[in-house]
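So the structure is just underneath, and the comments pick up after that.
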Amino acid sequence: MPSGTHEYIQDPRNENILIYIDGKIIPRPEAKISVFDSGFLLGDGVWEGIRLHNGQLVFLKEHLDRLYTGANSIGMDIGMSPDDLTSKIIQTIEANNMYSNIHLRLIVSRGIKSTPYQHPRVNIGGPTIVIIPEYKIVTEDSKDNGLELVCVNTIRSSEITQDPKINSLSKFNCIQACIEADRLGADEGLMLDLNGYVSTCNSTNFFIVRQSEVWTSTGEYCLNGVTREAIINLCKSNDIKIYEKNFIIDDVHTADEAFVTGTFAGVLPVTKIDEHILSNGKKGVITDRLQSLYTMEVNNLYPKK
């Protein structure tokens, strides 16, 4: 079972979910793509993780905007409109009779190639679209007990190497940081940018709290997280000082609190970074407040029907 930021309660129903692949809805054991698919061969494509809460897709527009922007950035045509893609997601949800506590992985690759070669000119046909919905509830331990992070040597890429703001299927930079953190016994790797400033974690966005101020990176070298943006907006609307700025690892080690954000888990506390204990090893006051504010925001925007 995944640990740390993606620890969830195991659900046996996930063994029999129905998965959407290019117009067909297929039982999980039969869900397969070609070995000639661009996503498998090269990590060539984009993806989104989306929550289903009370029968509604949380921040759907923001996720689809990021998906289509990323696809456009790599010169890939998704082949259908956002409305059409939304209908495919809903079709998959309805086929599974799902309502809430669902996490969906939406994957779009450049599609099938005639031969294993990177150039798009050897692609034949349109993109491959996959929708995987799973029953996933974050564990209470993850929400209440702090995560442990470690600053890793793997740094974030940049626009002149591989734009980190694109939610690409090619995640080796993040995987490398994840493996490094795992070997050091941490839940996630805290990554610096090429200038030595704190940027992000390998699969979540990162925040610290200093003297009741919330700090996060400028965003130049991290994924433009949908939950990250929601937390920034919640700080602004609730008189919590928030700064998107450059800061260094020493600022992190001496912070009062820290937390991470992501689509699956929302807001999770961090209580140890490297060998430094934060907020007395417990969830911080502002972290706890933002957790509650985010939960209320989602429930208000997507109430039970």
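The values are calculated or read from the model by the stated rules, or taken from the named source; none is laboratory data. Everything numeric here is computed off the predicted structure, so don't read it as measured data. Cβ sites come from the backbone with ideal geometry, for glycine too, and all protein chains shown count toward neighbours.
Taking Asp65 as the residue in question, decide whether it is under 20 Å from Ile166 (Cβ atoms) and either out of contact with any Lys or Arg (no Cβ under 6 Å at 6 or more places or on another chain) or not assigned by TED's automatic domain parsing to the domain that holds Asp288 (or both).
Against the criterion (under 20 Å from Ile166 (Cβ atoms) and either out of contact with any Lys or Arg (no Cβ under 6 Å at 6 or more places or on another chain) or not assigned by TED's automatic domain parsing to the domain that holds Asp288 (or both)), Asp65 qualifies.
Tell me whether the range 103-111 contains one or more residues that are among the hydroxyl-bearing types (Ser, Thr, Tyr), modelled with pLDDT of 95 or more and farther than 24 Å from Gly4 by Cβ.
Yes, because at least one residue in the range 103-111 is among the hydroxyl-bearing types (Ser, Thr, Tyr), modelled with pLDDT of 95 or more and farther than 24 Å from Gly4 by Cβ.
So, of the residues in the range 1-40 that are more than 22 Å from Ile90 (Cβ to Cβ) and polar (S, T, N, Q), which turns out to be surrounded by the fewest Cβ atoms within 10 Å (Cβ to Cβ)?
Gln10
Note down all Cβ pairs under 6 Å where the first residue falls in the range 268-294 and is part of a helix (DSSP H, G or I), the second is buried (at least 22 other Cβ atoms within 10 Å of the Cβ) and of a type in the set (Phe, Trp, Tyr), and they're at least six residues apart or on different chains.
Pairs found: Thr287/Phe259.
In the range 162-195, what residues are farther than 21 Å from Phe207 by Cβ, of a type outside the set (D, E, K, R) and touching a helix residue (DSSP H, G or I) at 6+ places or on another chain (Cβ under 9 Å)?
Selection gives Gln162, Ile166, Ser168, Leu169, Ser170.
Could you please give the count of residues in the range 119-132 that are assigned to a loop (DSSP other than H, G, I, E, B) and touching a Lys or Arg at 6+ places or on another chain (Cβ under 8 Å)? Give the steps one after another, and end with the answer.
Residues of the range 119-132 assigned to a loop (DSSP other than H, G, I, E, B): 119, 124-127.
The next check asks that each one be touching a Lys or Arg at 6+ places or on another chain (Cβ under 8 Å); those that pass are 124, 127.
Going through the range 119-132 one residue at a time, the tally reaches 2.
Looking at Thr128, Thr115, Thr161, which is the one that is crowded, with 21+ Cβ neighbours inside 10 Å, of a type in the set (Ser, Thr, Tyr) and over 19 Å from the mean Cα position of the chain (by Cα)?
On the way: Thr115 fails: crowded, with 21+ Cβ neighbours inside 10 Å; Thr161 fails: crowded, with 21+ Cβ neighbours inside 10 Å.
After applying the criteria, what remains is Thr128.
Out of (1) over 18 Å from Arg156 (Cβ atoms); (2) touching a Gly at 6+ places or on another chain (Cβ under 8 Å), the odd one out for Arg183 is which?
So Arg183 meets the others, but not (2).
When both residues are 6+ apart or on different chains and their Cβ atoms are under 7 Å apart, which pairs have a first residue that lies in the range 64-79 and is surrounded by 20 or more Cβ atoms within 10 Å (Cβ to Cβ), and a second that is of a type in the set (Asp, Glu)?
Arg66/Glu48; Leu67/Glu48
Scanning for something on the phi < 0 side of the Ramachandran plot and over 22 Å from the mean Cα position of the chain (by Cα), does the range 63-77 turn up at least one residue?
There is at least one residue in the range 63-77 that is on the phi < 0 side of the Ramachandran plot and over 22 Å from the mean Cα position of the chain (by Cα).
Look at the range 6-58 and say how many of its residues are hydroxyl-bearing (Ser, Thr, Tyr) and under 27 Å from Ile137 (Cα atoms).
So the answer is 2.
Filter the range 97-106 for residues that are in contact with a strand residue (DSSP E or B) (Cβ under 6 Å, 6 or more places away or on another chain) and either among the hydroxyl-bearing types (Ser, Thr, Tyr) or crowded, with 20+ Cβ neighbours inside 10 Å (or both) and give the result.
If the condition is that a residue be in contact with a strand residue (DSSP E or B) (Cβ under 6 Å, 6 or more places away or on another chain) and either among the hydroxyl-bearing types (Ser, Thr, Tyr) or crowded, with 20+ Cβ neighbours inside 10 Å (or both), then Ser100, Ile102, His103, Leu104, Leu106 are the ones that fit.
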